[in-house]
Amino acid sequence: MLFTAPMYNEIYPYLVQDNIEQNKKDIEGIVKKYDVQYWDFSNENYNKELFYNVDHLNSKGAQKFSKQLNEKLLTSSSD
């Protein structure tokens, strides 16, 4: 399984869109080639108080994301 963690929303406009599109293509290729699931949490609405810096969640953000990821794992394994 692959996933993209929540992203610091305020930095998104400054990212190089060509890189984002290439990342999406690369992920799609991996998903098809290896038959793995991909979950994209990058656009989850996590406020900036849940981030340590623009690349990493702080402990509160990590706890929130861990719970969210765990719930997704539990519901997908019961399918």
remark   = Out of (1) open to solvent by less than 90 Å² (accessible area, probe 1.4 Å); (2) within 16 Å of the chain's Cα centre (by Cα); (3) touching a residue at least 12 places away in the same chain (Cβ under 8 Å), the one residue 64 does not meet is (1)
ask   = Quick one: what pairs do we get from the range 1-13, first residue outside any loop (DSSP other than H, G, I, E, B), second among the basic types (Lys, Arg), C-beta under 7 Å, 6+ apart or different chains?
value = 10/48
task = Kindly indicate whether any position in the range 44-60 is assigned to a helix (DSSP H, G or I), open to solvent by 80 Å² or more (accessible area, probe 1.4 Å) and in contact with a Leu (Cβ under 6 Å, 6 or more places away or on another chain).
result = yes
request  = Please go through the range 7-20 and pick out each residue that is farther than 21 Å from residue 68 by Cα and open to solvent by 60 Å² or more (accessible area, probe 1.4 Å).
outcome  = 10, 12, 13, 14, 15, 16, 17, 18, 19
key: Extreme residue, most open to solvent (accessible area, probe 1.4 Å), among residues of the range 21-43 that are part of a loop (DSSP other than H, G, I, E, B) and farther than 23 Å from residue 10 by Cβ   = 35
request  = Evaluate the following for residue 54: is it among the β-branched types (Val, Ile, Thr), modelled with pLDDT under 95 and touching a helix residue (DSSP H, G or I) at 6+ places or on another chain (Cβ under 8 Å)?
outcome  = yes
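The values are calculated or read from the model by the stated rules, or taken from the named source; none is laboratory data. Keep in mind that what you see is a predicted model, and the values were worked out from it rather than measured. Please note: Cβ atoms are built from the backbone with ideal geometry, for glycine as well, and neighbour counts cover all protein chains shown. These accessible areas exclude ligands, DNA and RNA; they are computed on the full protein's heavy atoms, side chains included. Shrake-Rupley method; radii C 1.70, N 1.55, O 1.52, S 1.80 Å.
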